[in-house]
Amino acid sequence: MNHNQLFRQTRLQLACWYAGVMGVILGLCGWGMYEAIAHAHWMTLDRELESVAGTLHDSLEPVLQEPAQLEPEVGRLLPDLCTQNEQCWNRKFTGKRHAIGALHQGYYYVRLLDLTGNLIAVAGVSPDRLPEIERADTWQTLTDSQGTRFHQISVVLHTENGRDWGSLEVGRSLKEFDDYLGAVKVIMLIGLPIALLGVGTASWGLAGFAMQPIYQSYHQIQQFTADAAHELRTPLAAIRATIDSNLRVENFTIEDIVETLKTVDRQNLRLSQLVNDLLLLSRMDQQELPLKPSPCCLNDVISDVEEEIAALALAEDVKLTTEVRVQQGVQVKGNEEELYRLLFNLVSNGIQYTPAGGEVTLILDASDRQAIIQVKDTGIGIHSQDLTRIFDRFYRVDSDRARHTGGSGLGLALAKAIAKTHQGNIQVQSELGQGSVFTIRLPILELR
């Protein structure tokens, strides 16, 4: 495949498409995961702030007496609380209250504002000059002069008798949150190219694997076209040579004309047989051949084959015998003419490749609801490297196409196709110089 530019380009295009599609999918999944992580952490921050603000709100309102006035009890509730005039309450933290503990984690701040929005006191961390907010919403995200973001919640405070006191702002630094999301971004930005590299490598391998059957089919088509052209050229060239040689003869007799016509007829018959075989194989491949199944007795088919091919065996000085190892007749469902052709091809091949004085045996047996037909010969045998290819069209173990057999190389391909259309299979065992055994298995319709 690597030596074929067309398939290399196609494989590269497939790999790029695979990698591109997977890159988009991974990118979308990464973005979705990032958004999900950010949302989950953001919701956690909101819940924490709500919890701290709620605890402080419930603790402060019972001790507030006058609007915008800090009571000493407030200082005991909020250690390190400092007013604008730098009056601070430095109390030892007991760690008994969740809200107070949260302030001492180093992330939270608390700001108390009067009804006009002026700052009264602060506690916890000290943001560096947060921007002023004209109308405070419940939730705000602010950035101080150092670029640190803070997320805060604003809650209205009331005195113990229900008057408006001011507002409470509880905020939290987002530095830890931003650093975490930044690390997630870096991991994803680094991981995505690495993942794409792995996907690209896998895509290249998978594209090659997926294209193997296509490449093999393309190679078979090329080989088939070349072989078919060669087989068709041989009889056509013979016909043309015969006609040309006779056209150069000025005076030819009736005997010459008859001999020429016989030669043309032989070549035309060979050409017609080749075309018919190709059409038959094509229809079988496309499953367009009407099988017209009917009960067929294999005993009768074997008898017909033995009778018809006996003359060929006699001419080649090969002993032809049959063995029927079942007592009843073996019936299968199929087409009798095709089954006859299947056995005729195998037996004729056995005779042609068996030296004079050899033997070809046709055996019929049955086992496990299957009819078993074997064609054994004592011929030249088949090399192990050729066993997987002998059923290919136009393939010959003997590469010399001008040998005396004159076959087209389609006999075994037709035999395999016929066996397949009858829901059966064909196998071969062979050793060089020891002969070959072709075994056909077909489903039995019944024994009678």
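Values for this structure:
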item	result
Yes/no for K333 being charged (D, E, K, R), modelled with pLDDT of 85 or more, under 22 Å from F391 (Cβ atoms) and assigned by TED's automatic domain parsing to the domain that holds L410	no
Residue count, the range 47-66 (criterion: part of a helix (DSSP H, G or I), more than 13 Å from S154 (Cα to Cα) and in contact with a Leu (Cβ under 9 Å, 6 or more places away or on another chain))	4
Residue in the range 130-142 that is in contact with a Ser or Thr (Cβ under 7 Å, 6 or more places away or on another chain), closer than 25 Å to D178 by Cα, at pLDDT 80 or above and loosely packed, with under 14 Cβ neighbours inside 10 Å present	yes
So Q223, is it outside the structural domain of P355 (by TED's automatic domain parsing), at pLDDT below 80 and surrounded by fewer than 12 Cβ atoms within 10 Å (Cβ to Cβ)	no
Any hit, the range 41-49, residues being among the polar types (S, T, N, Q), at pLDDT 85 or above and surrounded by 16 or more Cβ atoms within 10 Å (Cβ to Cβ)	no
Tabulated pairs, the range 279-307, first part of a helix (DSSP H, G or I) and exposed (fewer than 11 other Cβ atoms within 10 Å of the Cβ), second at pLDDT 85 or above and not small (G, A, S), C-beta under 8 angstrom, 6+ apart or interchain	none
Per-region count, the range 144-176, residues at pLDDT 85 or above and either crowded, with 19+ Cβ neighbours inside 10 Å or in contact with a strand residue (DSSP E or B) (Cβ under 8 Å, 6 or more places away or on another chain) (or both)	23
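The values are calculated or read from the model by the stated rules, or taken from the named source; none is laboratory data. None of these values were measured; they are calculated from a predicted model. FYI the Cβ positions are ideal-geometry reconstructions off the backbone, even for glycines, and counts take in every protein chain you see.
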